[in-house]
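Colleague: This is the structure I want to talk about, given as structure tokens.
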């Protein structure tokens, strides 16, 4: 059974489309990275999984349970580190973890959990006095309470120093070894790269790519970009280039044609340009994983 | 049953705030001040009436300012209970755990009612005790007084539940803190001017001789319904004649039961609308 099964999910906030026809399956035991720039719809997807937000169309299931009709059983098996969670209460860190354990109806030692996230020493301090990083660690502790089968981490490294980020990664890896499914959202590529089996890239509510890190690397290696500066862009050239096999994107910057394509298609693209007008300069480059992410997400990060 | 956990957290968070201690102290001073003043200034008068009557006089002297104070305090403590946490994002945290939205609303009502009830009951016991002691030895031990005082404390708990439920309901209905403030203030203002409004309308419509059905609008606001019910209940417990609106009206509906139904509707309806809005809302 899939841990997360999202089918044809759409969400409209007034006139703003946050998600459009999202299809996504995350298998049990998988560490899935959910990438995308801010505002791409990552948090909306997570909010729908937790029933904070109701979809306009489509459905989502967690461990086969409908996220709307069976939200409580879903959340009993899910540990969540939400994004932008607002001020915490005035209780101590210890009491907060206890509260999470109680809600999950789980036995567990709050102290051991706090130790695991590295704030055991602050257990009896009120959380309103915690630093941002300590709060984030506490949130992770609350997410881990009750040994969830699914961990949902929304931008988990926000506010963490490098040590904290490293501890977060180690915990994600340890959880993955225990066959916990991890759904990890981030706008920072390298964090996802370090821990995830597979990543999905979301942009403006659309899922633009789903692949393993290696698969993405291959795609990145095989594709490149070619920039052809011309005196002017002749009519019909864009269409001609677009129709070429291996061309994935065509954009115009001033009078420069920017074409994303497989390396093998570069020659044909250049000859198309020579055939149609005056070429002033040609630049070609291979894409890195970073470029790939940028090209998928329109370069606005 | 996870509303209990939500209520406990809400209560624990609240009693760790300075606001709570300020509330408890003001409550205590107010109650002791009013009760003490009554006992101190009317002890000679009280000596001339039966102890039970003097004690009941004390209860009614304390009732009016204390209930108004509770109404304001409930508004202050409850109007942001849902919408404020919604705006700040704290609700996402609460609802990421396996709590339902009804758990959250019920937990907030019970938690905040506790926050008000604990200092209220404590203060009233002190204030009524002091007042009764000052009135004279036999008042404090008069069975009638003790029964009325106990009945009054129960009534105060109902009153707290009433207003906490109303203001948490308003908080769940509205989609911004400022609207919640506006709604809460509007209700309080309407309470104060209700009898004036009724008088004006009666005048405008030229309703001579106060028709019987006027009992309904006169009793429809929460404070009016509460007072009507309190007076009727305490009258039934003692020989003390209490004026109730229903007193000299023959109509079937002019009874404390009507007031009880109105009170129940005030406890249930705003929060039911709030729950319905909140249940369907995107956080």
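The values are calculated or read from the model by the stated rules, or taken from the named source; none is laboratory data. Since the model is a prediction, treat every value here as computed from it, not as a measurement. As a convention, Cβ positions derive from the backbone with ideal geometry for all residues, glycine included, and neighbour counts pool all protein chains shown.
Colleague: I'm trying to understand the selection: among the residues of region A:72-94, which are crowded, with 21+ Cβ neighbours inside 10 Å and at the interface with another protein chain (Cβ under 9 Å from one of its Cβ atoms)?
Modeller: Within region A:72-94, A:74, A:75, A:78, A:79, A:80, A:81, A:82, A:85, A:89 qualify.
Colleague: Restricting to region A:56-65, name every residue that is more than 11 Å from chain B (Cβ to nearest Cβ) and either on the phi > 0 side of the Ramachandran plot or within 22 Å of the chain's Cα centre (by Cα) (or both).
Modeller: A:57, A:58, A:59, A:60, A:61, A:62, A:63, A:64
Colleague: Can you say whether residue B:122 is touching a helix residue (DSSP H, G or I) at 6+ places or on another chain (Cβ under 8 Å), more than 14 Å from chain A (Cβ to nearest Cβ) and surrounded by fewer than 20 Cβ atoms within 10 Å (Cβ to Cβ), as far as the supplied structure shows?
Modeller: Yes, satisfied.
Colleague: Just to verify a result, which residue in region B:1-36, among those that are closer than 13 Å to residue B:127 by Cα and surrounded by fewer than 16 Cβ atoms within 10 Å (Cβ to Cβ), is nearest to the other protein chains (Cβ to nearest Cβ)?
Modeller: Residue satisfying both the conditions and the ranking: B:25.
Colleague: Filter region B:193-209 down to residues that are assigned to a loop (DSSP other than H, G, I, E, B) and either surrounded by 12 or more Cβ atoms within 10 Å (Cβ to Cβ) or in contact with a strand residue (DSSP E or B) (Cβ under 6 Å, 6 or more places away or on another chain) (or both), then give me how many there are.
Modeller: To start, the set of residues in region B:193-209 that are assigned to a loop (DSSP other than H, G, I, E, B) comprises B:205-209.
With the extra rule that they be either surrounded by 12 or more Cβ atoms within 10 Å (Cβ to Cβ) or in contact with a strand residue (DSSP E or B) (Cβ under 6 Å, 6 or more places away or on another chain) (or both), the set shrinks to B:207.
Number of matching residues: 1.
Colleague: Still on this structure, please answer the following. Looking at region B:37-53, which of its residues are out of contact with any helix residue (DSSP H, G or I) (no Cβ under 6 Å at 6 or more places or on another chain), surrounded by fewer than 17 Cβ atoms within 10 Å (Cβ to Cβ) and in a helix (DSSP H, G or I)?
Modeller: Going residue by residue through region B:37-53, those that are out of contact with any helix residue (DSSP H, G or I) (no Cβ under 6 Å at 6 or more places or on another chain) are B:37, B:41-42, B:44-45, B:47-50, B:53.
Applying the additional criterion that residues be surrounded by fewer than 17 Cβ atoms within 10 Å (Cβ to Cβ) yields B:37, B:41, B:44-45, B:47-50.
Those that are out of contact with any helix residue (DSSP H, G or I) (no Cβ under 6 Å at 6 or more places or on another chain), surrounded by fewer than 17 Cβ atoms within 10 Å (Cβ to Cβ) and in a helix (DSSP H, G or I): B:37, B:41, B:44, B:45, B:47.
Colleague: Continuing with the same structure: Restricting to region A:183-229, and then to whatever is crowded, with 21+ Cβ neighbours inside 10 Å and over 24 Å from residue A:3 (Cα atoms), can you tell me which residue is modelled with the highest pLDDT?
Modeller: Only one residue fits best here, namely A:228.
Colleague: Now, a different point. Restricting the search to region A:160-196, which residues are in contact (Cβ under 8 Å) with a residue 60 or more places away in the chain and assigned to a loop (DSSP other than H, G, I, E, B)?
Modeller: A:179, A:180, A:187, A:196
Colleague: For region A:147-159, name all the residues that are touching a helix residue (DSSP H, G or I) at 6+ places or on another chain (Cβ under 6 Å) and assigned to a loop (DSSP other than H, G, I, E, B).
Modeller: A:156, A:157, A:159 - these are the residues of region A:147-159 that are touching a helix residue (DSSP H, G or I) at 6+ places or on another chain (Cβ under 6 Å) and assigned to a loop (DSSP other than H, G, I, E, B).
Colleague: Taking interchain pairs and intrachain pairs at least six residues apart, which have beta carbon atoms under 8 angstrom, with the first residue in region B:264-279 and surrounded by 15 or more Cβ atoms within 10 Å (Cβ to Cβ) and the second not in a helix (DSSP H, G or I)?
Modeller: Note: pairs meeting the criteria are B:274/B:82; B:278/B:82.
Colleague: I'd like the full set of residues that are more than 14 Å from chain A (Cβ to nearest Cβ), buried (at least 23 other Cβ atoms within 10 Å of the Cβ) and either out of contact with any helix residue (DSSP H, G or I) (no Cβ under 6 Å at 6 or more places or on another chain) or within 30 Å of residue A:70 (Cα to Cα) (or both), limited to region B:79-119.
Modeller: B:105, B:109
Colleague: Name the strands (runs of 3 or more DSSP E) wholly inside region A:1-118 in which the number of residues that are out of contact with any helix residue (DSSP H, G or I) (no Cβ under 8 Å at 6 or more places or on another chain) and over 16 Å from residue A:149 (Cβ atoms) is 2 or more.
Modeller: Passing ranges, in order: A:2-13, A:16-27, A:57-62.
Colleague: Inside region A:40-52, can you point out the residues that are in contact with a strand residue (DSSP E or B) (Cβ under 9 Å, 6 or more places away or on another chain) and touching a residue at least 12 places away in the same chain (Cβ under 8 Å)?
Modeller: A:40, A:41, A:42, A:43, A:44, A:45, A:46, A:48, A:49, A:50
Colleague: Right, another one. Looking at region A:102-116, which of its residues are facing chain B (nearest Cβ under 10 Å) and surrounded by fewer than 23 Cβ atoms within 10 Å (Cβ to Cβ)?
Modeller: A:102, A:104, A:105, listed by residue number.
One line per residue, one yes/no per condition, for (1) touching a residue at least 12 places away in the same chain (Cβ under 8 Å); (2) within 10 Å of chain B (Cβ to nearest Cβ):
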| position | (1), (2) |
| --- | --- |
| A:54 | yes, yes |
| A:70 | no, no |
| A:97 | yes, no |
| A:100 | yes, yes |
| A:120 | no, no |
| A:134 | yes, no |
| A:138 | yes, no |
| A:158 | yes, no |
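Colleague: Further question: Sort through B:185, B:158 and tell me the only one that's within 24 Å of the chain's Cα centre (by Cα), closer than 30 Å to residue B:103 by Cα and surrounded by fewer than 13 Cβ atoms within 10 Å (Cβ to Cβ).
Modeller: None of the others qualify; the one that does is B:185.
Colleague: Tell me whether region B:134-146 contains one or more residues that are more than 14 Å from chain A (Cβ to nearest Cβ), more than 29 Å from residue A:144 (Cα to Cα), under 20 Å from the mean Cα position of the chain (by Cα) and assigned to a helix (DSSP H, G or I). Steps first, please.
Modeller: Filtering region B:134-146 for residues more than 14 Å from chain A (Cβ to nearest Cβ) gives B:134-146.
Now narrow it down to the ones that are more than 29 Å from residue A:144 (Cα to Cα): B:134-146.
Filter again for under 20 Å from the mean Cα position of the chain (by Cα), leaving none.
Within region B:134-146, none of the residues are more than 14 Å from chain A (Cβ to nearest Cβ), more than 29 Å from residue A:144 (Cα to Cα), under 20 Å from the mean Cα position of the chain (by Cα) and assigned to a helix (DSSP H, G or I).
Colleague: Find the strands (runs of 3 or more DSSP E) located wholly in region A:197-277 whose residues include 2 or more that are in the same structural domain as residue A:35 (by TED's automatic domain parsing) and within 28 Å of the chain's Cα centre (by Cα), and list them.
Modeller: So the answer is A:198-203, A:206-212.
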